[in-house]
Each structure stands twice: as structure tokens, then as C-alpha cells.
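Here is the structure we will look at.
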Amino acid sequence: MAKARTSAKRSDASSAPTPMMVQYFALKRQAPDCLLFYRMGDFFELFFDDAVAAAETLDIALTSRGEHDGAPVPMCGVPVHAAEGYLARLIKGGHRVAIAEQVETPAEAKARGGSKTLVARDIVRLVTAGTLTEDALLDARSSNWLVAIAEASGGCALAAADISTGTFEVGEVVASEIDAELARLGPSEVIVAEGSPFEAMIDPALLCARPTASFDSGKSEAALKTLFGVATLDGFGDFSRAERAAMGGLIAYLDHAGRGALPLLRPPVQRRRAAHMLIDAATRESLEIARSQSGSRAGSLLACVDRSVTGAGARLLAADLSAPLMDRAAIDDRLALVQWLHDDEGRRIALRDTLRSLPDIARALGRIAASRGSPRDLGAIRDGLGGARLLRERLALAADRPALLDALLPAFDGHGALVDTLTRALVPSPPTESQNGGFIAEGYDAALDALRATSGDARRAIAALEAGYRETTGIASLKIKHNAVLGYHVEVPAKHGDRLMVADSGFTHRQTLAGVVRFNAPALHEEAMKVAQAGGHALAAEQAHLEELLGEVAAAKDRITAAADALARLDVAAGHAVRAVEGGWTRPGFADTPCLEIEGGRHPVVEAALATRNERFVANDCGLSRENRLWLVSGPNMGGKSTFLRQNALIVLLAQAGSYVPATRARLGLVDRLFSRVGASDNLARGRSTFMVEMVETAAILTQATPNSFVVLDEVGRGTSTYDGLALAWAVVEAVHDDLACRCLFATHYHELTRLAERCDALSLHHVRAREWKGDLVLLHELADGPADRSYGLAVAKLAGVPPHVVARAKSVLAKLEAGREKTGGLAAGLDDLPLFAAALAEVEDEKPDALRSELAALDADALTPRDALELVYRLKQLASEADAS
Ligand code: ADP
Ligand code: MG
């Protein structure tokens, strides 16, 4: 490997590299951060370090080819026809790839510069994680976001595009919320300006630093206008300089990656921060919204809710759950559509059956717009839009249609002409590859039909020739065959070969193999020419039709994306309806006050997990209001505290995303920010300095929550020693109650905290119930009012299988401790003396340790000599003046 690296470094300094190496290095310089796929015939070859890296990622053989600077050149290659699979693995492995194609034929090269001339090659595309359109490289049920972050005029903005569907959004962000935004999107690639402060903030696996010039807001405005063919951007929104810079950086990168061919991009949608519930990265992780703690989709809320039947529906659902709404009317619109489908099973089933049969038109259009469209993509557009038209006809007849449905239906109109054209033009299931033809239907083009007839006739004539030759030669095993080298030819077993070798046999010898001999014949040659010629013309004609049809579809891209969006919205609503029916969920209602009233609430993921073990989930109520906004939940370990906290957060999130919720009744005031934190020791698996993380996350809540927020704090303070932890938990509860005044559920195992009820009016005590029965602990998972009577720690230990003698020993230690507590007043004894207001505490905190005082305290006056005493006076004076200065 080291050897390969040096040879690459010394590249052009060498005496006489081959012309091919000169060309290779020139291409490599254009895309230094990419692996270079260098096209040679039927292979893409990689050299030097690229070859070493690719061979390792792909687990393919590393060979070498020739020498460069006196060392062998490492090389590996992948066949062109299988390149997609290899690309997928390289991209997954964190690489970018530049594709260098031959841009002229060997004949053209010869004509240009003589027989030795190297075929010209050019990079035609960069394949990067954020710029994919191929189905094989994408996950059908997830969006694939490319994000650009930029700053200008002191502002900061984030632009995001999924070019596989053309989705494009932009919005201002404050620097502290960038993480939250990235967590919402889960991008595949993040572009920032080289040397910008963002470089250090982004996961290096996603980061792509680009020249600062590509983020110029002025240039980007011009680029945007050209891209969308408008004279002013005002129609799309009033963009700040930072927003324009971010969009510009994104477009410049797409231009760079596509080598000038820009992919599908819809006009940018400006994201307003206040339009969505704010959920930071830690909360997303803790609530396992799109991924579970293990990082997989399985076990997440998304996986548990998702009943969509199309890829587009799954992608939209993921977006909905990542960004719940803050607009009651919009939420109710979504819910009304869900209800309309929820209440009518026949309607729901029919809609889903139709949707299930429709192809992914958004992704097909994405490829077409990126000039990578195939005949199959055209077929997908035809079937998708055709299906949408039928759906529209059926839905338009339905009674009491909700407003959102009426808003969606027009998107399915106006595609008639295009669908008709595609229907006439294409065969029922067109292929993904266009080079072999066979995708244009019969009857679409008379000239094409004639060419096909000619070639068909000739093929039939060839078949007839075979029978004729068998008869005239008397060789029953004679066959007419076709291959790429010889074309059509006559083949006979070797033992009959001699018979056709004679001069006047009418056959010309072409090839002798081990078992067979091959010949040509004039009549066969003539028919073969007809097949080849007509076939060639037919292919060209099909290719021309393909271009034209792709152009027609690309021209209609705005209307097609609108139809695709509408189909996805229907799928999401129908999926919610199905999920609600399955789980007995209910439609949430909304209030103007910051309340959270849940009856019979359940945790959908835990409930589903229990169901697989035939266990029943115990539903619980929650009732927060302005006057009773903070619930302190205690009770034994494993009692269901964490589950209860999260289920309420998830219900809030689902409700504002426009879903039914797992409860018998739910009513809430809109939540502007949702926070969920888990005490460190619950989360050791994350493998970070957990207590620090816990405190950083807690600090974020204390500075960001508003009276309309909902905060879930689970065992905060647990990651440190008992006294520290209790003290912090105490102070945090007080701050949430007094300063933030938001809705909050706080789970704790610190029994001492229950005393906060005495001084916090809007705080109430609750516990998860447990009972000891015949010496065994029974966890009821049922929430009750009031504090827990005891902690049941030993009972839990026993339940967990801690050996009996250890439990017995712990019991005797506990008895000692409890006796001690009675005598000294216990852990919480000092809490009675706490100042009533946190402010008073803060003043005490502010006092610095007094150096003067400690010096005096340490002093043994009797032991001083006169000289020591004089020095002491100087030192004390010095300390006093230092203290004054600081
Ligand atoms: P805690 O936070 O009090 O230690 P958890 O919320 O982690 O307890 O719950 C522990 C386990 O108890 C869960 O994994 C689940 O299997 C079960 N559980 C929790 N809540 C319920 C419930 N409401 N109904 C049934 N089982 C529950
Ligand atoms: Mg817990």
C-alpha cells in the first residue's frame, strides 16, 4: 500500500509516463477526492491508491499493470455491465467515484491523430452519496438528502435537496440548531465552504468541503434564476443572503457532480422555523423516532407506524414524523383525511390496492430529469399517472370528501395527453436498458414497424434456409447459429465438416472448433445483412423516439411531481388509518391552552414488542395543565417510568404529525419544542462520557424550552454520585417548574425529590405501582397518584436473578443503612434548610474562595519568628491586593 502511494505522489514528475498515464493523471486532477473509474473497453479500471482502496472495499483482486516511476502500478477493475452493484458498495463504504468514459470511438481517435492515438476520455459524472438517482443505489423508503450549509451577513442557512425526487428546501438556522436540522434530515452528504466554522461541526463521513467561491450569494441568485427560468426569485420566497448562499453552494455542487447536467430540482420551498415542532438531535435519539438506539429502522417509531404501500408514502411519512406541524388547521386537515379513510373500510382497502400497484413516479422522474432515464422509467410515469387518473375519477364520486382530498385531486388532472402518448408509444413492460431496443410498441411508428417487418421476414427466411440446407446437404444436425463474432453462420458437427469443405459445396469455411465446423453461405449472408441493416435502423428509430418521449416527460415535470406528492399524501393518510384501526387508536383533539390530557395512553413500540410475547400493555393516563404541569414519577426500576414518559412524548409527536394516537382519548395544546433526556446510566451503550453528555443536554433544555414546550426528563442526575445527582435533579426540577413553566414529566428514583411537592404548586407526585406477593415483586406498570412508598431495589435484584445469598447480604446492609438514616436524619435531612428560592443559592455560589482567609486559618501564630511575621505581613498585603484586582 505504501508503495502504491509513493508512485501516485511522484506521478508527473517522472521522466516519461505513457500517454495513457498522462491522460489518467489529468483526469485524476479534476476529481482528486474521488476514486477514478477509468473506462477501458468493457471494464472500469482503477489505478494506484484508488485500486488499493477499491480492492479492499469490494474484496476483489488487486493486480498491477505496467510500471510507473520504476514501480508496478496497482490496478483493479469492475465490468461495466455490473458497475452499479460495485458503485453501491463503494458509496456505502464512504467513497466518491468519478466516472471517466471514452468520449470517442477508436476509429474517431485514429482519424483524429493517427493509429497510435489514445481514445479521448472525460469525466462524465461524479457518483456521490448525496447525488444518486439509481434505484439500485437508493433505499426506496428513505429520502436521500444532500445538504449545504452557508453563512452570510451574520446569518446562517441550510439548503437541502433530494435529487432523486427533486425536493428542495431552504431555511435560516441558528448555529446551535444545525445539529437538530441535520438530525431531522439524516443527510447522506453535507457541503460546506472550505475553512468555514461548519467544517469542524459535520461528521467527516458526510462532509464535503467546497471552494468558498461556490457559496457566493450573488452568483447563486443568477444560477437559481437560470435554473428555474425566472426573472426574479421573489415568487419562491424572500430569501436572505445566507439562504441564497446555501442554495448556491448546493447547486454549484450538483453542477460539479453532474458535470454540467443539472438534475431534477423543484423550486425551493422556504422553511419557516416556527412552522414545525423543534426536536433536537438528542431528543430524536432518545425517542427513537426514525431509528432505534441500535441505529436501525426496526424498533423505531417510524417502523412501528409505517403502513404505507409505496416508497413515496414511506418517505413522506418519515418527513412528517421528523417535522410535526405547528399549524392546527393543517394538522386537522391531515387528520380529517385519515378519519375519512379510517371510518370506511371499503374505501381504505380500494385506495391502498390502487396505490400499491403504482410505480414510484417521483424517482423515475428524478432519473429522467437527470438525463439517466430509461424506457422503464417512461413506463413508470405512464402507469403512475394513468393510475392516478383512475383514482381521481373514483375519489371524485365519493361523498363528504375532506378538504385536503379536494385539494389533492386536481394534481391528478391534466396528464391525459401524456399518458395517451406513452401508452401508444411503449410496450407494456419496457426494459431498463435501451440499447437493445424493443420498447416502442407496434403501431406507434409505421416506418419502425416496416423495418421490424423486414428484419422479421429476413429472420424467417433464415429459419427456412436452415431446413433447406439440411435437405440439400443431407446433414440432419446442421444448424444456423448466431454469435457476436461471426454473425449468422452454418454449424455442423466435426464429422460432417469435410462434406461442406469441398470447393463447390456452396459453403465457405469460417472456423473449426473442437466439436464443430462453421461455414458461411451467400444466401444466408444476404438475409443476415437484411436483418442487421433493418435492425440497426430500427434501433436508431427507437432511440430517437426515446429521446423525444423523455423530453416530453421532462417538460411536464412540475405537474408530475405534484401528482407524485399527492399520491404520497394519500398513501400516508391511508397508512395512518390502517395503523389506527389495527391498534385501536384515536383521533387527537387540540386545545388553546398548554395542556396534555391522555386517557388510556400506550407506547406503540413497547406495546407491539409485548404483543409478540403475548403480553398485554397496561394503558395509563396523563393529565397536564397550566396549574398541574409537572409530574414527578417515581417507583421501582422496571416499573414502567421510562415507557410512560416516552409514550406521552410520542403521542404528542404523532398528533402534530397528523396521525391518530395510541390512546382512548387525547387532547393537547400545540407543543412548540419537544425535549426528551435520559439520565446517563440508562444509556451506557452510547459509550460517551455520559454524565457530561447528560448535563450538556439538560443545559440545552434549560436555555431553550418555552412555556409551550413539553419536556421529558428521565432519571436526570443519575450519571454521578448520589449527592451530586440528587442536588442537580432537585435544581433542574425547580428551574423547570419556576422558570420554564412548561409541561414536564420527570421520572426519578430519588425518593427525596418528592419533597419538592411542598414548595412547587404546579408539581404533583405519581408512581408506578408494584406489589410484593409471597416475597416476590409484581410490577403492575400502572400509574397511580402520590409518591412511591418504597424503592423495591432488592426485590428487583431478586427478580433479575441475583443469587439469594447476595440479596440476603444486601438486605442486612440496607437494614444498617436505614437505621443510620433514622439516627442522622438521612440523606434528605439537610434539604429542609435549603433556601426557598434558587436565586439565594446562586449568590452563595458566586462567592469565591478567600485566599486571605485560608492563609490566616493555616497560620500557627505561636510558631512564627519575628522575621517570619514580617514576611507574612508582606504576603498578606500581596494577597489582599490580588483579591481586589480580580
Ligand atoms: P423503568 O423506567 O421504570 O425502569 P421501563 O419503562 O424501562 O421501566 O419499563 C421496563 C419494562 O416494563 C419495559 O421494557 C416493558 O417490557 C415493561 N413495561 C413498561 N411499561 C409497561 C406497561 N404500561 N404495560 C406493560 N408493560 C410495561
Ligand atoms: Mg427507566
Original post:
What's the longest bit of the chain with no exposed GluC sites (Glu not before Pro), using DSSP loop states and at most 13 other Cβ atoms within 10 Å as the test?
Top reply: 195-432
Original post:
Counting each DSSP H run of 4 or more residues in the chain as -39500 (n - 2.57), what helix-only mean residue ellipticity at 222 nm follows after dividing by all residues, to the nearest 500 deg cm²/dmol?
Top reply: -14500 deg cm²/dmol
Subject >> Asp739 paired with Ala350, simple spin-label distance in nm, labels 7 Å along Cα-to-beta-carbon >> reply: 5.9
Subject >> Computed magnitude of the charge dipole of the chain (debye, nearest 20; Cβ of K, R +1, Cβ of D, E -1) >> reply: 2780
Original post:
Which entries in the list Lys92/Lys225; Lys481/Lys530; Lys479/Lys530; Lys28/Lys92; Lys641/Lys798; Lys225/Lys557 go over 24 Å, if you measure between the two C-alpha atoms of each?
Top reply: Lys92/Lys225
Original post:
Which residue, chosen from His509, Gly387, Ala568, occupies the Cα position most advanced towards the positive end of the dipole of the chain, where the dipole is computed from +1 (Lys, Arg) and -1 (Asp, Glu) charges on Cβ about the Cα centre?
Top reply: His509
Subject >> Electrostatic dipole magnitude of segment 495-641 [Cβ: Lys, Arg +1; Asp, Glu -1; Cα centre; debye, to 20] >> reply: 580
**OP:** Would you work out the relative contact order for the chain, in percent, from Cα pairs under 8 angstrom that are 6 or more residues apart?
**Re:** 9
**OP:** For segment 185-287, state which trypsin sites (Lys or Arg not before Pro) are in a DSSP loop and have at most 11 other beta carbons lying within 10 Å of their beta carbon.
**Re:** Arg272
**OP:** Please compute the net charge surrounding Val517, taking Lys and Arg as +1 and Asp and Glu as -1 over other residues with Cβ under 13 Å from its Cβ.
**Re:** +4
Subject >> On Cα atoms only, tilt of 690-704 relative to the major axis of the chain in degrees >> reply: 80
Original post:
Protein chains only, probe 1.4 Å: how do Val605, Val269, Val813 rank by accessible area, largest first?
Top reply: Val269, Val813, Val605
Subject >> Charge tally in the Cβ shell below 9 Å around Val768, where Lys, Arg are +1 and Asp, Glu are -1, Val768 excluded >> reply: +1
Original post:
How far apart, in nm, are the 7 Å Cα→Cβ label points at Ala140 and Leu872?
Top reply: 8.7
Subject >> Farthest positive-ward along the chain dipole, Cα basis, beta-carbon charges - from Thr105, Ile289, Pro707 >> reply: Thr105
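The values are calculated or read from the model by the stated rules, or taken from the named source; none is laboratory data. Bear in mind that the values here come from a model prediction, so they are computed numbers and not experimental data. Here Cβ is always computed from backbone atoms with ideal geometry, including for glycine, and neighbour counts include all displayed protein chains. The protein model used for the area step is the full one, side chains on, heavy atoms only, and it has no ligands, DNA or RNA in it. Shrake-Rupley method; radii C 1.70, N 1.55, O 1.52, S 1.80 Å.
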